[in-house]
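Beneath this line is the structure, given in structure tokens, with notes to follow.
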Amino acid sequence: MNWGILSTGVIARNFAETARRMGDEVTLYAVASRSRESADAFADQYGIPVRYASAEDLACDPNVDIVYIGTPHSAHAEGMRCMIAHGKPVLCEKSFTTDAQQARKIFALAREKNVFVMEAFWTKLCPVYREVERVLASGAIGEIRAVTAQYGYNTAREARKFDPQMAGGTLLDIGVYAIGFACMMLGYEFDSVQSNLVLNNAGTDAIDAIILRKGNAVASLTCAIGAQMPTMGAVYGSKGRIEIPEFKNPQRVTVCIDGKEPYTLSRPFEVNGFEYEIREAMACVAAGKTQSSIVTPAQTIAVMEIMDQVRAQNGLEFPFER
């Protein structure tokens, strides 16, 4: 399939590098940016033959089979509406939109136009999570009692990461990983959502502490931009636990069953982990599907609803929402 890329930022570069390393599986055909100069520079670096200075031009190209959107969060919905209107299947970077209502409208439009759309939540597609699912289904660690996840990093790009005009902040940037992980382990409906956000000078969130409760189980999640944290996740059951280092993109997990020797399950990436969302999107389009059965619209909307609750609890609004 001929891929188009909307964006020339850091995440788009990661996508392009992955696609290039996948060989004949993927054709990088076109890229679009807000300026032709940016599109040309990106295309020259990754050997992309066609370049455009607008999303509309990319969407109108009949040779583009599917589009990856890696723009800032605030521009996701607009980019997807453009592509869907022209019948282009879409793989859109997370967070999918800025709120759940936007997500519902995008998926409704995709259904109306019979166009495939999927959130690029690569975490759920990591192969080692199929092993985790089997362990949980076997009952080996018993009833899940707690889930934990933490992820934080320092960056020289804080101004960009925190920019409220781009729907910046920790929650939509990396909090989505922790919430998505908790949902993968406990399901996508919770009895309560509690949170506390530390806001920065830009008016967006720098540190997030989120507690999700479902029945007798609790998920405790901590994320931050501006604090270096080991990326760790774990699932604690009544008979054991599963330790998941690098939970957002793990290649191995350790299973600890009470009274037994711990053991490790490994599923190394073929490239860097992005390849699985690329393959899933292409497989769905090739089969004529409008949605993935692994990363579903309902799951994307459920995670967005949790983030909406977190923002509401902490009075976090973006300027374009006022």
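The values are calculated or read from the model by the stated rules, or taken from the named source; none is laboratory data. This is a predicted model, so every value here is computed, not measured. With ideal geometry, Cβ positions are generated from the backbone for all residues, glycine too; neighbour counts draw on all protein chains shown. Keep in mind that these areas ignore ligands, DNA and RNA; they rest on the heavy atoms of the full protein, side chains included. Shrake-Rupley method; radii C 1.70, N 1.55, O 1.52, S 1.80 Å.
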Original post:
Modelled label-to-label distance, Arg279 and Ile294, 7 Å Cα→beta-carbon offset: nm?
Top reply: 0.7 nm
Subject >> Acute angle (nearest 10 degrees) that the helix 100-113 long axis makes with the longest principal axis of the chain, alpha-carbon atoms >> reply: 50 degrees
Original post:
Separation between the Leu199 and Ser238 pseudo-spin-labels, each 7 Å from Cα along Cα→Cβ, expressed in nm?
Top reply: 4.3 nm
**OP:** Note down the net charge around Leu212, summing +1 for each Lys or Arg and -1 for each Asp or Glu among other residues with Cβ under 13 Å from its Cβ.
**Re:** -2
**OP:** Counting helices only, and only those DSSP H runs with n ≥ 4, report the 222 nm mean residue ellipticity of the chain as the sum of -39,500 (n - 2.57) divided by its residues, in deg cm²/dmol to the nearest 500.
**Re:** -10500 deg cm²/dmol
Original post:
At a 1.4 Å probe radius, carbon and sulfur cover how many percent of the accessible area of segment 42-164?
Top reply: 48 percent
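What's the carbon and sulfur percent of segment 244-322's accessible surface, probe 1.4 angstrom, rounded to a whole number?
49 percent
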**OP:** Determine the relative contact order of the chain: mean sequence separation of Cα pairs under 8 Å and six or more apart, normalised by residue count, in whole percent.
**Re:** 18 percent
Original post:
Taking Cα atoms, how many degrees apart are the long axis of helix 176-186 and the longest axis of the chain, rounded to 10 and kept between 0 and 90?
Top reply: 50 degrees
**OP:** Return one number: the angle in degrees, 0 to 90 and rounded to the nearest 10, between the long axis of the Cα atoms of helix 275-286 and the longest principal axis of the Cα atoms of the chain.
**Re:** 60 degrees
Subject >> Between segment 158-182 and segment 41-56, the Cα center-to-center distance that results, in Å >> reply: 27 Å
Original post:
So if R0 is 35 Å, what FRET efficiency would Ala209 and Asp57 give, r being the distance between their Cβ atoms, rounded to the nearest 0.05?
Top reply: 0.20
**OP:** Of the listed values (1) 32, 23, 18; (2) 43, 25, 19; (3) 28, 26, 22, grab the one calculated as semi-axes √(5λ) of the Cα gyration tensor in Å from the structure here.
**Re:** (1)
Subject >> For segment 216-230 and segment 253-322, distance of Cα centres in Å >> reply: 16 Å
**OP:** Would you mind working out the accessible area per residue for the chain, using a 1.4 Å probe, and quoting it in Å²?
**Re:** 42 Å²
